[in-house]
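What follows is a short report on a single structure.
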Amino acid sequence: MFVLLLILIAVLFGFGFLHPIWWVAAAVLVYGATRHGRDRGGGRTRGGSDLGDYRQPRDYRDYQERRDRQDRWDRRYSRQNRARWRREDRRDHDHHR
């Protein structure tokens, strides 16, 4: 099946020299094949791991929860640090008088 798909894409690409609409058809076919392959778990990431077990809704919720926790942590400690830095700056400023 994969070989037939590659042959079809090559033929459509060749026809593109006659009329550019065939290049569009070849591009749509490549796009559809890659999307279909990823949906079935056949796609691969740059690291080469299989995406077949990827469950977007739950994984995205996990990502959102981690991001929100990190944002809360950053806000909490940046406020505390800013207050501490202001106190230290006042102390340094007072000592240099």
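Values in this text are rule-based calculations from the coordinates and carry no lab data. Everything numeric here is computed off the predicted structure, so don't read it as measured data.
Phi-derived couplings, Karplus 6.51 cos²θ - 1.76 cosθ + 1.60 at θ = phi - 60°, listed residue by residue for the range 3-17: 5, 4, 5, 5, 5, 4, 5, 5, 5, 4, 5, x, 5, x, 6 Hz, with x used for Gly and Pro. Scanning residues 5 or more positions from GLY16 or on other chains, those with amide H under 5 Å from its amide H are TRP23, with H placed 1.01 Å from N in the peptide plane. Residue-wise HN-Hα couplings along the range 69-80, as the Karplus relation 6.51 cos²θ - 1.76 cosθ + 1.60 with θ = phi - 60° gives them from phi, are 4, 5, 4, 4, 4, 4, 5, 4, 7, 6, 5, 5 Hz; Gly and Pro carry x.
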